[in-house]
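I have placed the structure first, in the form of structure tokens, so that the comments after it can refer back to it.
Values quoted throughout were computed directly from the atomic coordinates according to the rules given, and no laboratory measurement underlies them. Here the structure is a predicted model, which is why all the values come from computation and not from measurement. Cβ placement follows ideal geometry from the backbone for every residue including glycine, while neighbour counts extend to all protein chains displayed.
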Amino acid sequence: MYGDDATVRKILTELGDTWAVVGLSNNRRRAAYGVAQVLQRFGKRVVPVHPKAETVHGEQGYPSLADIPFDVDVVDVFVNSDLAGAVADEAVARGAKAVWFQLGVIDEAAYERTRAAGLEMVMDRCPAIEIPRLGLPQRG
């Protein structure tokens, strides 16, 4: 398992409220769309990161992590596993505190690199599942 309950809880409750969601667009059929809504209800600022740079859930989108002009606390990754490692490396480079790979997104080498760089990380988990499973209160 990549990220125990204590790490999951720490990322969700202690590491900050600005989450860059890589792969988030206005496609309501994609998991990222619904998970972003859950994160917003949990009190997080959700920043869409997608080549289209669409505004989603009222937040301005950006084409890449490097284009976000403010600090990001957590990078939530909704891209294929073969692309996820590069996103994790970008998260490290821009000073994020944690990286979250969604269900089915697995890159063990990226996990090791990210943890070695001092960031918290979970992989193959979903905050929309973990928030209620851990009994964390929704804020809004």
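Just one of (1) 1.05; (2) 1.38; (3) 0.92 is Rg/Rh (Cα atoms, Kirkwood Rh) calculated from these coordinates, so which is it?
(3)
Given the chain, what percent of its DSSP beta bridges are antiparallel, to the nearest 5?
The answer is about 10 percent antiparallel.
Could you line up VAL46, VAL122, VAL99 from fewest to most neighbouring Cβ atoms inside 10 Å?
VAL46, VAL122, VAL99
Between LEU134 and ASN80, 0.36 nm times their residue separation minus their Cα-Cα distance comes to what? Let's see the in-between values first.
Details: separation 54, 0.36 × 54 = 19.44 nm, distance 2.64 nm.
Residue separation times 0.36 nm, minus the Cα-Cα distance, leaves 16.8 nm.
Under 14 Å Cα-Cα from LYS10, which aspartates and glutamates qualify once same-chain neighbours fewer than 8 residues away are excluded?
List returned: ASP73, GLU120, GLU130.
Any chance you could run the full-extension gain for ASP124 through ILE106? It's 0.36 nm times the residue separation minus the Cα-Cα distance, nm to one decimal.
This chain segment gains 5.9 nm when fully extended.
Starting from 0.36 nm per residue, how many nanometres of slack lie between HIS57 and ALA31 once their C-alpha separation is accounted for?
That pair, HIS57 and ALA31, stretches by 8.0 nm at full extension.
Taking springs between alpha-carbon atoms closer than 10 angstrom, which of PRO63, PRO127, PRO48 fluctuates most in the Gaussian network model of the chain?
Its mean-square fluctuation being the largest, the pick is PRO63.
For the stretch 1-75, which chymotrypsin sites (Phe, Trp or Tyr not before Pro) pass both filters: DSSP loop (anything but H, G, I, E, B) and at most 10 other C-beta atoms within 10 Å?
On the way: sites: TYR2, TRP19, TYR33, PHE42, PHE70; in loops: PHE42, PHE70.
Hits after loop and neighbour filter: PHE70.
Let me have the 222 nm mean residue ellipticity of the chain computed from DSSP H runs of 4+ only, each contributing -39500 (n - 2.57), with the sum over all residues rounded to the nearest 500. Before the final figure, lay out the partial values.
On the way: 5 runs with 49 residues, N = 140.
One gets -10000 deg cm²/dmol as the mean residue ellipticity at 222 nm.
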